[in-house]
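Quick notes on the structure that follows.
The values are calculated or read from the model by the stated rules, or taken from the named source; none is laboratory data. Treat the numbers as computed from the prediction; the structure is a model and nothing was measured. Every residue, glycine as well, gets a Cβ built from its backbone with ideal geometry; the counts of neighbours run over all protein chains shown.
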Amino acid sequence: MPVRLTPPGASDGRAADGRAADGTGGRSGVDELLAQAGGAAGDVEASLDLARRLGFALPGPGEGRTTELWSVLATLGALDLTTARVVEPHLDALAILRQAGVAEGTVPDGSTWGVFAAEGPGVRLSASRGEDGTWRLGGVKPWCSLADRLSHAVVTAHTGAGSRRAFAVELRGPGVSGEGGTWASRGLRDVSSLATRYDDVPAVPVGEDDWYLTRPGFAWGGIGVAACWYGGAVGLARTMLTAAGTRPPDQVALMHLGAVDGALHAARASLHEAGGLVDAGAASGAHGAVLALRVRGVVAEAVERVLAHAAHALGPGPLTGDEEHARRVADLQVYVRQHHAERDQAALGKALVDGEGAS
């Protein structure tokens, strides 16, 4: 069952026949892909194939159909978080390239994309421009998810004077290699994130210095990740509801269901409102950054509440005997840690005190 962020009876910008208000194609192609998404669950290669096909069918955030985009990500999260974790950065990378106006030839047919923008202690990736005007990358980039499975990535690198710039890079060309390390996680175990070394690797610039971090889409992409978290929590809630139907639930079971529904309602409403603000042009600059901190915080808190209620309501049985449930719990616990918890709350508090984006 698809996860819709648009409340029942509300308009999502589409006519009764499912076509967008601007006359572009309907949802039928996307819905067909989502109907097939269950077959990609837990399978990275199948998920990458799904990402390729969805990349041609879905809009980017801020293109008038943001709520639809995030609904798809939530639906994938509810089905399988490995699939969502593979598809989301591919769509984000394509949106980044479109925002930057990068030539279409930069995205080869059949390519699969990631976004590598993390920084880490003791490692650094630098970019230098040659006399012929071409750019080359050198150094190490940490936390490169699926670098050994993807064909391309949008990668940020230091260009000097404290600036960072995004670049499009072919990962299967000469000069790109894994740095080793161990991905010991039980959650998202097939979506490993390891360091990657770049030795004089050619790169295509994506925007100017610091554009990647200051563009409106930086905040919007972070909300898209939260939509995946939300979907994973919906999957847990569905398991709880199914379990409650196997025998008459007592008051404690009903309490857990009610608490979970309330938490998910808050998360869904926050995502829905954010999608409308993005498409209305009201989520740029400081307003967009504050919005992302708020929404990600609301969704992360809802996810953690759902994880706790599911554990208390269901007990050890499904964690030890239900592969799908156990994997969803482990995946969600790792995925939601992309939210920086108290540090993100402190960042939101500072933004409010500084008067940045306050509503």
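Tabulated values for the structure
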| item | result |
| --- | --- |
| Any hit, the range 345-354, residues being under 30 Å from residue 184 (Cβ atoms) and either surrounded by 15 or more Cβ atoms within 10 Å (Cβ to Cβ) or touching a residue at least 24 places away in the same chain (Cβ under 8 Å) (or both) | yes |
| Search result, residues across the range 193-212 that are of a type in the set (Asp, Glu), in a strand (DSSP E or B) and at negative phi | 199 |
| Filter result (closer than 14 Å to residue 31 by Cα and either among the charged types (D, E, K, R) or surrounded by fewer than 21 Cβ atoms within 10 Å (Cβ to Cβ) (or both)) within the range 60-73 | 68 |
| Residues satisfying the stated conditions in the range 91-117, i.e. within 22 Å of the chain's Cα centre (by Cα) and charged (D, E, K, R) | 92, 98 |
| Which listed residue is surrounded by 18 or more Cβ atoms within 10 Å (Cβ to Cβ) and within 20 Å of residue 99 (Cβ to Cβ), from 237, 227 | 227 |
| Condition check for residue 217: in contact (Cβ under 8 Å) with a residue 40 or more places away in the chain, closer than 23 Å to residue 73 by Cα and part of a helix (DSSP H, G or I) | yes |
| Count of residues meeting criterion [out of contact with any helix residue (DSSP H, G or I) (no Cβ under 7 Å at 6 or more places or on another chain) and surrounded by 14 or more Cβ atoms within 10 Å (Cβ to Cβ)] in the range 29-51 | 3 |
| Strands (runs of 3 or more DSSP E) within the range 126-181 that include 3 or more residues assigned by TED's automatic domain parsing to the domain that holds residue 196 and not β-branched (Val, Ile, Thr) | 135-145, 152-160, 163-170 |
